[in-house]
1. Can you pull out the residues in the range 166-199 that are free of Cβ contacts under 8 Å to residues at least 24 places away in the same chain and either surrounded by 15 or more Cβ atoms within 10 Å (Cβ to Cβ) or closer than 23 Å to LEU29 by Cβ (or both)?
2. Do we have any residue at all in the range 124-135 that's modelled with pLDDT of 90 or more, surrounded by 12 or more Cβ atoms within 10 Å (Cβ to Cβ) and either within 20 Å of the chain's Cα centre (by Cα) or not polar (S, T, N, Q) (or both)?
3. I need the full set of residues from the range 239-254 which are of a type in the set (Val, Ile, Thr) and buried (at least 20 other Cβ atoms within 10 Å of the Cβ), in order please.
4. Just need a number here: residues in the range 20-48 that are aromatic (Phe, Trp, Tyr) and either at pLDDT below 95 or more than 16 Å from GLU60 (Cα to Cα) (or both).
5. When you check ARG159 against the structure, is it basic (Lys, Arg), open to solvent by less than 40 Å² (accessible area, probe 1.4 Å), in contact (Cβ under 8 Å) with a residue 12 or more places away in the chain and within 19 Å of LEU29 (Cβ to Cβ), yes or no?
6. Of all the residues that make up the range 94-121, how many are at pLDDT 80 or above, farther than 30 Å from TYR262 by Cα and exposed (fewer than 12 other Cβ atoms within 10 Å of the Cβ)?
7. Among the residues of the range 71-84, which ones are buried (at least 16 other Cβ atoms within 10 Å of the Cβ) and closer than 23 Å to GLU114 by Cα?
8. Considering only residues that are within 24 Å of GLN187 (Cβ to Cβ) and open to solvent by 20 Å² or more (accessible area, probe 1.4 Å), which ones fall in the range 41-70?
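The values are calculated or read from the model by the stated rules, or taken from the named source; none is laboratory data. Computed from a predicted structure; not experimentally measured. No Cβ is skipped: glycine too gets one built from the backbone with ideal geometry, and neighbour counts run over all protein chains shown. The protein model used for the area step is the full one, side chains on, heavy atoms only, and it has no ligands, DNA or RNA in it. Shrake-Rupley method; radii C 1.70, N 1.55, O 1.52, S 1.80 Å.
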Amino acid sequence: MIDEIKDRELLVAVDEHGVPTALAAYRRLDRHAVEIEYLAVAPQQRRSGVATALVHRVREISAAMVVARTDEDAIGFYRAIGFHCTDTPPDPRLPGRRRHLCVLPHPTLVREPEPDDGNVEWIRGKPSPVPVVVLPPSPTWPQDFAALAGVIRRALGDRALAIEHLGSTSVPGLPAKPIIDVVLTVQDPDRESDYVPLLEAAGFIFRLREPGWYRHRLLVSGPGAGLPAANVHVLAPGCPETARMVAFRDWLRTHEADRAAYALIKRATAAAINERGGGTGLVMDYNKVKEPFIRALYARIHQIPAASGPDRPTPRPDR
């Protein structure tokens, strides 16, 4: 074990006699995230809160989101201290055991989105503006996501670290554009050769990259591929934008008044944008009009003082 962690950062807890009682070994993934690879607590110190303290200390000193990969034995611990956990492919070293990718958000990184630098690289040219279609909520959207997730899993195998249904179609009762927003977590979005050719072979089209904005890549369902219409957003483990989208989805799922208000704004905005027409991109115009509501809702979700809200970059939960 020493050889395996010698190149990692170590955080050690000691008792009143200076005897080590717990340790966390972790490594930097990128400027937004660190991953805990080992978390061990002496038997006499278990259930004392020392493991929780170590995890939060790692987040504090790293100023980063904290990522952990675990199995069913420890999933309860991570969920209990605030990690968001999703299924991930099995670890070959642990055959037959269910695995999870867990992420503990860093409050500052989640509250203060990375500015969009506007550097969008269109892979096959910028698409033409199309009308904004907002439909009543459909009971088929969860099934559409499940079908898409299955295609992605079969294409990528263990390269697909997590697959999340986010955006408006993931909120029951919310009208939306009939396009499923999928967030795909891969180890390194910059290594496009690891996943783009495999997804293209499965029927997706590589649409754009944004190297300066969380290393985001976007693929869409290809015409004639037999796939539900989808935007597949590719991001890295522990990306703050994923955490923001999860928080936005979960809030709307459990707050009926905000869900109804957002639905009203979506319908009215789509109607006004389509009636006006023109512009460089109707969907971009649609998203821009919704920004004040989204910004105000994020401020409440993350308890951001109202005075600071308008000066912050607007998250993009519904691209």
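1. ARG191, SER193, VAL196, listed by residue number.
2. The answer is yes, given that some residue of the range 124-135 is modelled with pLDDT of 90 or more, surrounded by 12 or more Cβ atoms within 10 Å (Cβ to Cβ) and either within 20 Å of the chain's Cα centre (by Cα) or not polar (S, T, N, Q) (or both).
3. Answer for the range 239-254, where residues must be of a type in the set (Val, Ile, Thr) and buried (at least 20 other Cβ atoms within 10 Å of the Cβ): THR242, VAL246.
4. Number of matching residues: 1.
5. Against the criterion (basic (Lys, Arg), open to solvent by less than 40 Å² (accessible area, probe 1.4 Å), in contact (Cβ under 8 Å) with a residue 12 or more places away in the chain and within 19 Å of LEU29 (Cβ to Cβ)), ARG159 does not qualify.
6. Residues meeting the conditions: 1.
7. Answer for the range 71-84, where residues must be buried (at least 16 other Cβ atoms within 10 Å of the Cβ) and closer than 23 Å to GLU114 by Cα: PHE83, HIS84.
8. ARG59, ILE61, ALA63, ARG69
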